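> Input: one structure, supplied below.
The values are calculated or read from the model by the stated rules, or taken from the named source; none is laboratory data. None of the values given here were measured: they were computed from a predicted structure. FYI the Cβ positions are ideal-geometry reconstructions off the backbone, even for glycines, and counts take in every protein chain you see. What goes into the accessible areas is simple: the full protein's heavy atoms, side chains included, and nothing from ligands, DNA or RNA. Shrake-Rupley method; radii C 1.70, N 1.55, O 1.52, S 1.80 Å.
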Amino acid sequence: MATKRKYPVGIQSFESIRLDGYVYVDKTPLIYKMITEGKPYFLSRPRRFGKSLLCSTLEAVFLGRRELFESFTTEDGIEQPQLFIATTDWKWDTYPVIRFDFSKTREYTLAVLDRQIDNTLSEYEKKYGLTPNIPDSSIRFENIIKEAHRQTGRRAVVIVDEYDTFMLHSIGDKELEVGVRQRFSSVFSVLKPLDEHLQFVFITGISKFSQMGIFSSLNQLKNVSMLMDYETLCGISEAELTTQLRPDIELLAKRRDETYDETLTQLKDMYDGYHFSRRMTDVYNPFSLVNALDSGEISDYWFDSATPSAVIDMLSKMPPIELTDIDGVLCPSTAFDVPFDSYEAPLPVLYQSGYLTIRDYRRNRDSYILGFPNAEVRRGFANSLYQYVNPMRGTDKSSGALYQAYYDFVDTDDLPAFIEAIKAFFAGVPYHLADRSERHYHVLLYTLLTAFGADITAEEPSAKGRADLVLRMPTRIYIIEIKYDATAAEAIAQINERGYADKYAADGRPITKVGIAFSSKERNITEWRCDK
């Protein structure tokens, strides 16, 4: 049986990963392309997607740390393979590297931001023997870059990791927001006129820098966030997973008493599905994947750890968001340039935060279809949407009972018991919150079942219309039609007349048609029937 390798859970230092014998998926082919073909770059990716490790790797390259990229044996006797860039004509000169890292911040005030910028500048001033005689951070930064170039004879490399951390946590606080923008604009505006002193500039964050309005003077930055050449710069591609990490999947399969293909399918369902360009190359979430390989459990890892409270707070201030409105939505390419803090435009927030991804590109319309990338994100987002956005806070207890009833339904296929649990849930909705439309109840049920992990789709199209809900269970498919102030028989008739079941005939699982009648007066299910 293969020996379990060391996985870098929570480790973002390239040096530590290599010297301590952790697995590293080789990103140096793209790094080599980037550093030899251009100079100023910007990359947007969701949190916990490997941006900090990428910055650390770039730093090692420009510091000339070739030994970290060659093959060697660690002190613990672990063989580290040679990486691509060590086989190229890269000269391995030592450049002065100036790195700002805002990814580790836990407090988001102007005082903390000022202190963090000052500490970084002071570190490099000490290194190059500079004594700051003015408080202006932009002039201090300029002096550091020029002095680094003068002393070393090589142009400086500037790396800014998670530049927008403070911005995201200032949204809604206008005074803080303005202060943060002013600080960043002042400090980093010096980069453009210092081009002759700069070898390479790399800035990362969640949001596009154009949306934050702080790098308007840095219009020379090449935004590679949605370019095909760099779509796998962060994250793990299918090719990387099935080659560089194949032994790890095989070991995970043995630990789970599954075949390689079965485990790969589960990993794909849970963590794959991200697309960062029109080419639609599949990218796996690296944080979740590494945690799964390390723990031996295919579970939820990314959503809770990578969901900034600022994003949830922003969503709560927007018009009510429904899963049926954002999963599979058509979005023009211009939508990605809407300011990040626009409360009327959730799509850029959701895409850049990693909750939605590109499902398809429509060239004739220059538009994208967005949707949830995988089961982990879909379930996690539905749960957050229920908890933080849906106003029915009083339904937590009844939703817990419905959760138990759903998993009993999975095990027993007992539809009547499950319908009774749904009725009990709606009966628990407070009266003053229950004066809603048919769609509200439909969407609320869909959101909850999604949060439970159900394989469910809403308004799935067929040749003659859209079925309200399609629930795929291990042994059966349920096609559910909800009628408001009508009969269950009418709901069944609509399923039959419009042929909703036809598209699932080849699936092999038996199909059950379910009609549910909902009363606006009773604010609940009054009757239901099924046709197997």
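> Could you give me the percent of Cα pairs per 10 Å distance bin for the chain, shortest bin first, beginning at zero and ending with the bin that holds the maximum distance?
Computed distribution, short to long bins: 3, 16, 24, 23, 17, 10, 5, 1, 0.
> A further question on this structure: State the antiparallel share, in %, of DSSP beta bridges confined to the chain, rounding to the nearest 5.
About 55 percent, rounded to the nearest 5.
> Something else about it: Checking a compactness column here: for the stretch 400-532, what do you get for Rg(Cα) / (2.2 N^0.38 Å), N being the number of residues?
Scaled against compact globular proteins, the figure is 1.00.
> Going down the table (51/222; 126/222; 33/104; 104/268; 51/174), which pairs top 25 Å between alpha carbons?
Listed pairs above 25 Å: 126/222; 33/104; 104/268; 51/174.
> Here is a further query. Select from the stretch 29-122 those trypsin sites (Lys or Arg not before Pro) which occupy a DSSP coil region and have at most 11 other Cβ atoms within 10 Å, ordered by residue number.
Of the trypsin sites (Lys or Arg not before Pro), the ones in loops of the stretch 29-122 whose Cβ has at most 11 other Cβ atoms within 10 Å are 91, 104, 106.
> Related question: For the charge dipole of the chain, defined by +1 on Lys and Arg C-beta atoms and -1 on Asp and Glu C-beta atoms about the Cα centroid, which residue among 283, 380, 402 has the Cα displaced farthest towards the positive pole?
Checked the options; the winner is 283.
> Please find the FRET efficiency linking residue 196 to residue 335, where r is the Cβ-Cβ separation and R0 is fixed at 22 Å, and quote it to the nearest 0.05.
That gives a FRET efficiency of 0.05.
> Evaluated at 10 °C with a viscosity of 1.306 mPa s, what Stokes-Einstein diffusion coefficient in µm²/s does the stretch 74-231 have when Rh comes from the Kirkwood expression over alpha-carbon pairs?
Translational D for this selection: 91 µm²/s.
> Output the 0 to 90 degree angle, nearest 10, between the alpha-carbon long axis of helix 174-188 and the longest principal axis computed from the alpha carbons of the chain.
40
> Treating only the Cα positions of the stretch 139-262 as identical point scatterers, give the base-10 log of I(q)/I(0) from the Debye formula at each q in 0.10, 0.19, 0.22 Å⁻¹.
Summing over Cα pairs of the stretch 139-262 leads to -0.52, -1.05, -1.25.
> Excluding residue 162 itself, calculate the net charge of residues whose Cβ lies under 12 Å from the Cβ of residue 162, where each Lys or Arg counts +1 and each Asp or Glu counts -1.
Its environment carries a net charge of +3.
> Beta carbons within 10 angstrom, averaged per residue: use that to sort the peptides 498-504, 479-485, highest first.
Top to bottom by mean Cβ count within 10 Å: 479-485, 498-504.
> Another question, if that's okay. Can you work out the accessible area per residue across the stretch 15-61, with the rest of the protein chains kept in place, probe 1.4 Å, in square angstrom?
Normalised by residue count, the accessible surface of the stretch 15-61 is 27 Å².
> Let me ask another. Accessible area per residue for the stretch 150-189 in Å², computed with a 1.4 Å probe and the full protein assembly in place, what is it?
For the stretch 150-189, the per-residue accessible area is 40 Å².
> Also, I was wondering about something else. Among the lysines, which have Cα under 19 Å from the Cα of residue 127 when same-chain residues fewer than 8 positions away are ignored?
Cross-link targets: 146.
> Another question, then. On the protein heavy atoms, probe 1.4 angstrom, tell me the percent of accessible surface of the chain carried by carbon and sulfur.
Reported share for carbon and sulfur atoms: 48 percent.
> State the dimensionless ratio Rg/Rh of the stretch 1-54 (Rg: radius of gyration of Cα atoms; Rh: Kirkwood radius).
Taking Rh as the inverse mean 1/r over Cα pairs, Rg/Rh reads 1.04.
> Here's something else I'd like to know. Report residue 74's accessible area, 1.4 Å probe, all protein chains in place, as a number in Å² to the nearest 10.
10
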